[in-house]
Structure formats: structure tokens, C-alpha cells
1. What FRET efficiency comes out for the pair residue 80/residue 59, r = Cβ-Cβ distance, R0 = 22 Å, nearest 0.05?
2. Take the Cβ-Cβ distance between residue 127 and residue 43 as r, set R0 to 35 Å, and report the resulting FRET efficiency rounded to the nearest 0.05.
3. Please find the FRET efficiency linking residue 101 to residue 2, where r is the Cβ-Cβ separation and R0 is fixed at 41 Å, and quote it to the nearest 0.05.
4. Pop a pseudo-label 7 angstrom from the Cα along the beta-carbon direction at both residue 87 and residue 15 and give the gap in nm to one decimal.
5. Please give the peptides 29-39, 83-93, 48-58 ranked by average Cβ packing (other Cβ atoms within 10 Å per residue), highest first, as a rough proxy for protection.
6. Please sort 156-169, 95-108, 127-140 by packing, taking for each peptide the average over its residues of neighbouring beta carbons within 10 angstrom, highest first.
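Taken together, the values in this text are just the output of simple stated rules run on the coordinates, not laboratory data. Quick caveat: nothing in here was measured; it's all calculated off a predicted structure. No Cβ is skipped: glycine too gets one built from the backbone with ideal geometry, and neighbour counts run over all protein chains shown.
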């Protein structure tokens, strides 16, 4: 039984459709999207023709420059010229102010940005994203050892040579600055995590004649 997809809904009713990480999309799907966007019409599996609403907008995001694998994003496809030609391309730079606000730990942010610069200057195909900043700050706040945090969020599965490059300019002073988090903040964060990850479950067990259990 055919059910209307999010794309058809946006196409028909004048909504905004976001194709997140479109450079990971199958080329067969892109051919269909190209046709719909260019012609302003699409035929659905139930043999109905849907026409594009005047207010319909299609936005796509990508981790590359649309021309294949780059900066460690190896599971990405090179988009053909016909697809790229249908879009106005805007390069979105890393928002450093937002990264700082999300991290809220200048010492840790200094470590991440030092490693990021080392990767950009000396390594090929390695990207250190704001996820390292955000995740690392949360782990530090939870009381995790700083060296473990660096390994879990920056080094990850990299080889020894890459690891040496990334760690070269990270100093003990930076580490000390990063872990200056008050005990109160640590305890508050632990309680927050406990509530999210380990919810309290209550259940009443009643024995029946069949020795079943009722929750």
C-alpha cells in the first residue's frame, strides 16, 4: 500500500524539504529528485501526478564539496553536474562562537582547536568536528580523566603516527585548565545523566494460577 513520503508531502503542500547529507544518497534517487525539481511534477506509485506547490523549497546538506570523498568522509558519492546545477551552493564555515558556547570550557576548547590545527596543517583526510568539543566537555564535566577524554573524542581509531601529530602541541597546562570544573557541577551532571540514562522503573509482580507474571 502506497503511503505519501515526506518529500511528496512537501512537494505537494508547499513545505520545506531538507535532504540531510545528500552526498551519501544513491544516484538512482538523485535522478528522480532531479526530474521532479526540474519539471515541477512527479508521478507516484499509485499512478497519480503531483505538481510542485509554488512555495515548495528543497534544501540539501553535504559533508563534502559534492565531488566525492574528502576529509575522511569516505562513504560519500560524487554528485553529477546535473544535480549540482540545480542548487545554489553555500559553503558553511565552522561556527567558532557557537562551538565555544556549546562547550563552555575554554581549556578543553583550546585542546580541541590545537589538535584541529595540527590535523589541518600536517595530516591528510582527518577532520576534528565540534562533536569532539561538545562530547569532550561533557565527559570532563562527568569526571572522566582528561587523557581518556582526549583518546575517546580526538584520537579515537587513529594510527600511532597520526596520534603523535595530534598530541604534539597539547600541553599539561592546557589539560589542567580543562579539568577545572567545580565538584558541584560534576555532581549536578551525574544526576542529570542518571535521570536520562537510568530511568526508575517500578513494577508490581502478581503470581497467577498459571505462575505467569503480570507487570
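1. Numbers: r = 19 Å, r/R0 = 0.87.
Taking R0 as 22 Å, the efficiency between residue 80 and residue 59 is 0.70.
2. Working: r = 40 Å, r/R0 = 1.14.
Calculated value: 0.30.
3. On the way: r = 45 Å, r/R0 = 1.09.
Efficiency, from the Cβ-Cβ distance: 0.40.
4. Going from the residue 87 label point to the residue 15 one covers 2.0 nm.
5. 29-39, 48-58, 83-93
6. Values: 156-169: 13.1, 95-108: 15.4, 127-140: 19.9.
Per-residue mean Cβ counts within 10 Å order the peptides as 127-140, 95-108, 156-169.
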